[in-house]
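Below is one structure, written out as structure tokens; the observations come after it.
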Amino acid sequence: MANTFRNKFYSPIKVLAYVVMAGLGGIGLISALYALMSFYMIVSPDSTMHLGNGATVPFGLGIIGLASAFEVPIRLATVILFLIWEYRAFGNLSALKARNLEFSPGWSVGWWFIPFANLVKPFQVVRELYNESNPNFDDETGYLNISPGTPEIVGFWWAVFIISNIIFRVSDMLVDPRTGMLSEYFSIVFMTAAILHTAAAILAIYIVKIVTERQTQRLARIEQNTQSAPPPPPIFDKTE
């Protein structure tokens, strides 16, 4: 399949990548705090926190609630910045002489918002972005010198990301919506989800870092080959 888009200009993404990685790091730290507080609820179930209205909640759950107030804006900002980074990085593939691409910059973002398809397509987008940013490619054809396949880091990241979100949904079902009472299994389930979510954030940081570095190296190789290419032969006008 030929590329569905053409982009002659490379958009620098290094600074944006650092911001995205910082946001992912913040999400990872908060998820780690969730896991720690869940563990605290398991080992110290009688520890409570007094609220302003005289009510009490488990201490670990109170800290989780406070941390979630910071997580929501951090997560929202990070998601937006990640999608901008992904759009720009995918748009760079054409300028980096990648060929036979399945996706376009627009759809690299759009697939995240389509129900059910977003369980698979974003993974395929990141896999293609990771593979096609590889600086080890044929300069003439634009094809990779190695079989692309599925990088272990990308596959592991997506599996952990999906599983952690599923387990978070299960933990929501362990809270009584009328009384707010927690099931005895809530802490264990929530801690498991938080640990996996922390791992997913760390893996995402690594993917953003590697893709950005690969694109920088690939651009440098293209520029070097362009500068070292011999000039075209002169063309002489034929005179009768």
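Summary table
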{"read-out": "Residue list for region 91-127, filter: surrounded by fewer than 17 Cβ atoms within 10 Å (Cβ to Cβ), in a loop (DSSP other than H, G, I, E, B) and not β-branched (Val, Ile, Thr)", "value": "99, 100, 102, 115, 116"}
{"read-out": "Which numbered condition residue 67 misses (of (1) more than 20 Å from the chain's Cα centre (by Cα); (2) not in a helix (DSSP H, G or I))", "value": "(2)"}
{"read-out": "Conditions (1) open to solvent by less than 20 Å² (accessible area, probe 1.4 Å); (2) hydrophobic (A, V, I, L, M, F, W, C); (3) part of a helix (DSSP H, G or I); (4) under 30 Å from residue 212 (Cβ atoms); number of the one not met by residue 33", "value": "(1)"}
{"read-out": "Failed item in (1) at pLDDT 95 or above; (2) open to solvent by less than 20 Å² (accessible area, probe 1.4 Å), with residue 133 passing the rest", "value": "(1)"}
{"read-out": "Residue within region 48-57 that is touching a helix residue (DSSP H, G or I) at 6+ places or on another chain (Cβ under 8 Å), open to solvent by less than 40 Å² (accessible area, probe 1.4 Å), part of a helix (DSSP H, G or I) and of a type in the set (A, V, I, L, M) present", "value": "no"}
{"read-out": "From 155, 180, residue being surrounded by fewer than 20 Cβ atoms within 10 Å (Cβ to Cβ), assigned to a helix (DSSP H, G or I) and either modelled with pLDDT under 95 or of a type outside the set (A, V, I, L, M) (or both)", "value": "155"}
{"read-out": "Members of region 186-218 that are over 30 Å from residue 136 (Cβ atoms), open to solvent by less than 40 Å² (accessible area, probe 1.4 Å) and hydroxyl-bearing (Ser, Thr, Tyr)", "value": "187, 198"}
{"read-out": "In region 13-30, the residues that are over 19 Å from residue 66 (Cα atoms) and either open to solvent by 60 Å² or more (accessible area, probe 1.4 Å) or not hydrophobic (A, V, I, L, M, F, W, C) (or both)", "value": "14, 15, 18, 19, 22"}
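The values are calculated or read from the model by the stated rules, or taken from the named source; none is laboratory data. As the structure is a prediction and not an experimental result, all values here were calculated from the model. Note that we place each Cβ from the backbone using ideal geometry, even for glycine, and neighbour counts take in every protein chain shown. Ligands, DNA and RNA are stripped out before the accessible areas are found, and what is left, the full protein with its side chains, is counted by its heavy atoms. Shrake-Rupley method; radii C 1.70, N 1.55, O 1.52, S 1.80 Å.
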